[in-house]
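The values are calculated or read from the model by the stated rules, or taken from the named source; none is laboratory data. Bear in mind the structure is a predicted one, so any value in this text is a computation, not a measurement. Using ideal geometry, Cβ is built from the backbone for each residue, glycine included, and neighbour counts are taken over all protein chains shown. Protein only, heavy atoms only, side chains kept; ligands, DNA and RNA dropped before computing areas. Shrake-Rupley method; radii C 1.70, N 1.55, O 1.52, S 1.80 Å.
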Amino acid sequence: MLFTVAMALALDTKKIPTQDIFVDDGESKSYPQVVEFAFVAGTRDGLPEEKASKRVSTAKAQAQIAADISNGVQEGRVGFVILGGDIVTASSVAGWKAFTRDWVEVLTGSEPPEGGRLRTRVVPVAGAKEAAGDDRYFGFGAAFPGVGADIGYNRVGTWYHFDFEVAGHTWRFLVVDSNKASLGSRWDEQSAYIEKVVAEDDYDSLLLFMHHPLITLAPGQASNEGEAPEELLQLVDGNSKVGALKAVFAGAPHATEVFLPRGKFGEIYINGGGGGAPADNTVRWGHAEAGGFPDIKLETTFDFALLREFEKQAEARACSPTALEHATSEGSWKGFPGEYEASCMPTQGWWDVSLAGERLSASFRIVQPDGTLRSIYTADYSGKKTGWTIGK
């Protein structure tokens, strides 16, 4: 407690640049045909200790991703940006200023852009780095004024929901905080809030956003961190309408992953932590031991898309032959799970998500060796009768 108070006193929130949030807790917006947004996570810079780890530094990736999202904003497609956590290396004035500097051409806020380009607003998710040393989220609340549910007593709420009615179909967005240890008693407040908003019957489909993944194969990243993600999913499943949950977006892994463990009629899990922070290898199959899915693998078409892309990028980067063996589980890597080595192809980029009626389309745009991005995979939810269809 003393450490938290000391950190709060040291953090001069008046010096933190602000970003404009896109929507308030409980707000509803209506769109006649379609709404499109970007989901990106892990936008923080690298940490000194990561230089000694197996994570691969990709210093330019964040700027390249931000520029690509900015292009979508200029074209009038991308209406807002959801940040999936680990926005900063730490909740400090310096950290929030660095984030603003990197994203000032994309996000509207207190700092003016230099290029005069169109900008958009943000929907932030609290990550582990935002809570580290600042478990009352003073920095998060200062950077995103008005964010979250109103929990009173000058506290910052890191959970909230909003609705989009798109062509007559209502999508409920639920943003939650998976940092259970940091929340303390606020965890119970959040749980009560989740039970209430998902039990309501005034929406058709549900999207869940949190930082830590229920399941992941990323090296160094645990599935179901502190059992918090599973507890949050149980609250949602136990109180929402059957089949309402369509997708779970998480931002913690340092790799981009897609899982469809319940098949084409179940919810999709998109882990999109490749926003520019040092990258992990992307593992193709293995053990999760969480969420009732002990053995998992990347969604098949996503895996094939990554394999095709890996072959191209490995050639462009002149990677060693053993890197391809590692990816295909052949040669010296025979018998081991396949892994796409981040030194050859960090799975970094962002998700371009659109809603049109009851249809959801999510496309992954990956960073290329020349710094440009392109879409290599798309998952479409077309309705209850057809479920998920997968293609490029």
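Checking each residue in region 264-290 for being open to solvent by 20 Å² or more (accessible area, probe 1.4 Å) and over 30 Å from Ala66 (Cβ atoms) picks out Lys264, Phe265, Trp285, His287, Glu289. Counting the residues of region 87-134 that are open to solvent by less than 40 Å² (accessible area, probe 1.4 Å), more than 18 Å from the chain's Cα centre (by Cα) and of a type in the set (Asp, Glu) gives 1. Scanning region 21-38 for residues that are modelled with pLDDT of 95 or more and at positive phi turns up at least one hit. For Lys334, the test of being at pLDDT below 95 and surrounded by fewer than 18 Cβ atoms within 10 Å (Cβ to Cβ) is failed. Can you confirm whether region 270-282 contains a residue that is more than 26 Å from Leu47 (Cβ to Cβ) and either modelled with pLDDT of 95 or more or not aromatic (Phe, Trp, Tyr) (or both)? No, region 270-282 contains no residue that is more than 26 Å from Leu47 (Cβ to Cβ) and either modelled with pLDDT of 95 or more or not aromatic (Phe, Trp, Tyr) (or both). Within region 51-79, being touching a Gly at 6+ places or on another chain (Cβ under 7 Å) and closer than 15 Å to Glu105 by Cα holds for Gln62, Gln64, Ile65, Val78. When region 260-288 is filtered for residues that are more than 19 Å from Thr386 (Cβ to Cβ), more than 14 Å from the chain's Cα centre (by Cα) and not polar (S, T, N, Q), the ones remaining, listed by number, are Pro278, Ala279, Asp280, Val283, Arg284, Trp285, Gly286, His287, Ala288. Per the listing Phe293, Phe249, Phe302, the residue uniquely of a type in the set (Phe, Trp, Tyr), open to solvent by 10 Å² or more (accessible area, probe 1.4 Å) and farther than 17 Å from Ala61 by Cα is Phe293. Taken as a whole, the structure places Ser363 among residues that are within 23 Å of the chain's Cα centre (by Cα) and part of a strand (DSSP E or B).
Screening region 216-335 for strands (runs of 3 or more DSSP E) wholly inside it with 3 or more residues that are in contact with a Phe, Trp or Tyr (Cβ under 6 Å, 6 or more places away or on another chain) and either in contact (Cβ under 8 Å) with a residue 24 or more places away in the chain or not hydroxyl-bearing (Ser, Thr, Tyr) (or both) returns the ranges 245-250, 268-272.
The strands (runs of 3 or more DSSP E) located wholly in region 19-104 that include 2 or more residues which are aliphatic (A, V, I, L, M) occupy 35-40, 80-83. Scan region 280-300 and tell me whether some residue there is of a type in the set (Gly, Ala, Ser), in contact with a strand residue (DSSP E or B) (Cβ under 9 Å, 6 or more places away or on another chain) and farther than 29 Å from Gly243 by Cα. Within region 280-300, not a single residue is of a type in the set (Gly, Ala, Ser), in contact with a strand residue (DSSP E or B) (Cβ under 9 Å, 6 or more places away or on another chain) and farther than 29 Å from Gly243 by Cα. One residue alone among Tyr377, Tyr340 is crowded, with 23+ Cβ neighbours inside 10 Å, more than 19 Å from the chain's Cα centre (by Cα) and touching a residue at least 40 places away in the same chain (Cβ under 8 Å), and that residue is Tyr340.
On the basis of being buried (at least 19 other Cβ atoms within 10 Å of the Cβ) and on the phi > 0 side of the Ramachandran plot, does Asn224 make the cut? Yes: the conditions hold for Asn224. If the condition is being in contact (Cβ under 8 Å) with a residue 60 or more places away in the chain and either within 16 Å of Lys180 (Cα to Cα) or of a type in the set (Lys, Arg) (or both), then region 103-159 contributes Arg121, Val125, Ala126, Gly127, Ala128, Lys129, Gly133, Asp134, Asp135, Arg136, Gly157.
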